[in-house]
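See below for the structure under consideration.
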Amino acid sequence: MPSYRAAQVLDWLYARRVSGWEGMTNLPRELRDRLNSHFSIHTLALLKKQGANDTTQKFLWRLADGALIESVLIPANPALYGDASDRHTLCVSTQVGCAYGCKFCASGLEGWKRNLTPNEIVEQVLATERWHAAQNPAATDRLVNNLVIMGMGEPLANYDNLLRALEILNAPWGGAIGARKITISTSGLAPQIRRLADETFQFRLAISLHGATDDVRNRIMPVNRKFPLAQLTEACKYYQKQKGRMITLEYILIAGVNDALSQVKPLGRLASLLHAKVNLIPYNRVEGLPWERPSEQSQDEFFRALNAEGVTSTLRREKGHDIDAACGQLRLKTEREMASV
Ligand code: SAH
Ligand code: SF4
């Protein structure tokens with residue numbers, strides 16, 4: 001085929017987001033038939049959507065093998081990871097379940113099932129945009145211009161598939177989302193952070209810290225026994241040296257676990273050492289788990305004390321608390337409902 005056919009196919013797939021070969025109307029019929037008999041386009045089936053339009057919306061997708069994953073669409077918001085012009089952020093999943101078993105997290109509660117393939121990661125963006133285009137036939141702009149890899153799963157444990165997907169989502173012929181608008185969140189896989197530092201992409205990095213000492217972190221994140229804070233810190237420093245950009249430390253505030261004011265100094269020290277910014281996030285309750293968010297007053301106290309240490313931080317009274325927006329919750333609930341039926 002002449003090479004311009006490839007450009008046409010990419011345009012249909014990524015810019016116009018058609019879901020089948022039939023819709024590629026400027027390809028000759030014979031070519032469409034040939035493509036159709038050799039390749040299939042697997043789209044995600046929307047099983048459930050929670051949240052009203054123009055607020056945080058959560059999508060529960062069914063994959064071809066029946067597994068369930070989530071993506072969350074977050075509308076225009078003051079910058080958390082990027083600059084103020086961010087319009088829509090999509091939070092995508094990278095695995096079915098998660099093997100890391102953080103004690104507070106719904107995604108890991110029923111273990112790890114499998115890695116998502118590159119197309120299943122890319123499709124979360126395309127399927128969300130298709131859904132949006134169906135609701136807003138007049139809209140011509142692309143919807144998602146900011147990505148956070150913070151859905152279900154540990155992205156750096158599915159390294160190759162994630163990188164392949166992000167390469168496609170970043171490419172001008174693909175998703176056209178700037179690398180600086182893509183934030184990868186990890187629970188702290190130190191060797192993979194170093195590997196990511198050596199890639200050419202300028203992705204942003206967020207670390208799910210949630211504890212500023214090994215003592216606290218060991219209690220809630222088993223991964224810390226494998227890669228304790230000293231090792232994680234060195235990997236983050238390396239990332240920063242290679243990329244020259246600010247890392248974000250995520251710190252969920254959990255009542256009685258990591259919200260004591262005694263944690264502020266070690267957290268501040270770590271943030272200063274890494275020149276990192278801290279996002280404080282009040283814990284989202286997960287059904288069946290005993291953890292609670294601290295009162296707003298304790299949250300404010302922790303936040304003020306951290307600011308007093310000279311650390312750039314935000315206290316994110318997050319959107320989506322009411323729609324099971326913490327990663328993995330909607331899937332867990334739905335799977336349990338389906339099992340009981
Ligand atoms: N596995 C990766 C990315 C997915 S988790 C990681 O751990 O970084 C995305 C973020 O949601 C992580 O910071 C995670 O710790 C946080 N999280 C998980 N459960 C939560 C809950 N119930 N309330 C608030 N944040 C939660
Ligand atoms: Fe996995 Fe991240 Fe949840 Fe930990 S917080 S169980 S690494 S998804």
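Calculate the dipole size of the stretch 98-233 relative to its Cα centre from +1 charges on Lys and Arg beta carbons and -1 charges on Asp and Glu beta carbons; express the result in debye to the nearest 20.
On the way: 15 positive and 12 negative charges, 59 e Å.
Taking the Cα centre of the stretch 98-233 as origin, the dipole is about 280 debye.
Under 5 Å from the amide H of PHE203 lies no amide H of any residue 5 or more positions distant or on a separate chain, with H modelled from the backbone and absent for Pro and chain starts. Taking Cα centre as origin and charging only the Cβ of basic (Lys, Arg, +1) and acidic (Asp, Glu, -1) residues, the dipole magnitude of the stretch 23-145 rounds to 260 debye.
Residues ILE184, ILE177, ranked from the fewest to the most other C-beta atoms within 10 Å, line up as ILE177, ILE184. Close amide H contacts of GLY97 (hydrogens built in the peptide plane, cut-off under 5 Å, sequence separation of 5 or more or a different chain): LYS113. Taking every Cα-Cα distance in the stretch 196-341 and sorting them into 10 Å bins starting at zero, the pair-distance distribution P(r) comes out as 11, 36, 34, 16, 3, 0 percent.
For the chain, a Gaussian network of Cα nodes joined below 10 Å ranks ALA235, ALA15, ALA139 by mean-square fluctuation, and the top entry is ALA139.
Could you line up LYS58, LYS265 from fewest to most neighbouring Cβ atoms inside 10 Å?
Working: LYS58 22, LYS265 13.
Ascending number of Cβ neighbours within 10 Å: LYS265, LYS58.
Springs between alpha-carbon pairs under 10 angstrom, Gaussian network model over the chain: which of THR233, THR89, THR25 fluctuates most? So, out of THR233, THR89, THR25, the one fluctuating most is THR25. For LEU147, the residues 5 or more places off, or on other chains, whose built amide H falls under 5 Å of its own are LEU90, ILE182, THR183.
Could you list LEU274, LEU166 in order of exposure, starting from the residue whose Cβ has the fewest other Cβ atoms within 10 Å?
Details: LEU274 20, LEU166 26.
Starting with the residue having the fewest Cβ neighbours, the order is LEU274, LEU166.
Oblate is the label for the stretch 239-284, because a/c, from the alpha-carbon gyration tensor with a ≥ b ≥ c as root eigenvalues, is 1.5 or above and a/b does not exceed b/c.
Would you calculate a helix-derived [θ] at 222 nm for the chain, using -39,500 (n - 2.57) for each DSSP H run of n ≥ 4 and dividing by the full residue count, to the nearest 500?
Mean residue ellipticity at 222 nm (helix-derived): -10500 deg cm²/dmol.
Note on HIS275 and ALA230: the extension gain reaches 14.6 nm, defined as 0.36 nm multiplied by sequence separation minus the Cα-Cα distance.
Comparing PRO137, ASN161, GLN57 along the charge dipole axis of the chain, the residue lying farthest to the positive side is ASN161, per the Cβ-charge model.
Can you compute the charge dipole magnitude of the chain about its Cα centre, using +1 on each Lys and Arg Cβ and -1 on each Asp and Glu Cβ, nothing else charged? Give it in debye, rounded to the nearest 20. Intermediate values should be presented prior to the final figure.
Working: 42 positive and 35 negative charges, 97 e Å.
The dipole of the chain has a size of about 460 debye.
Identify which of ASN224, ASN119, ASN53 has the largest mean-square fluctuation in a Gaussian network model of the chain, with springs joining Cα atoms closer than 10 Å. In the Gaussian network model the winner is ASN53. Among beta bridges identified by DSSP and lying wholly in the chain, the antiparallel ones come to about 45 percent. Length gained on full extension, ARG62 to GLU337: 97.5 nm, using 0.36 nm per residue less the C-alpha separation.
No value in this document is a laboratory result; all are computed from the given coordinates. Since the model is a prediction, treat every value here as computed from it, not as a measurement. Ideal geometry is used to build each Cβ from the backbone, glycine not excepted, and the neighbour counts take in all protein chains shown.
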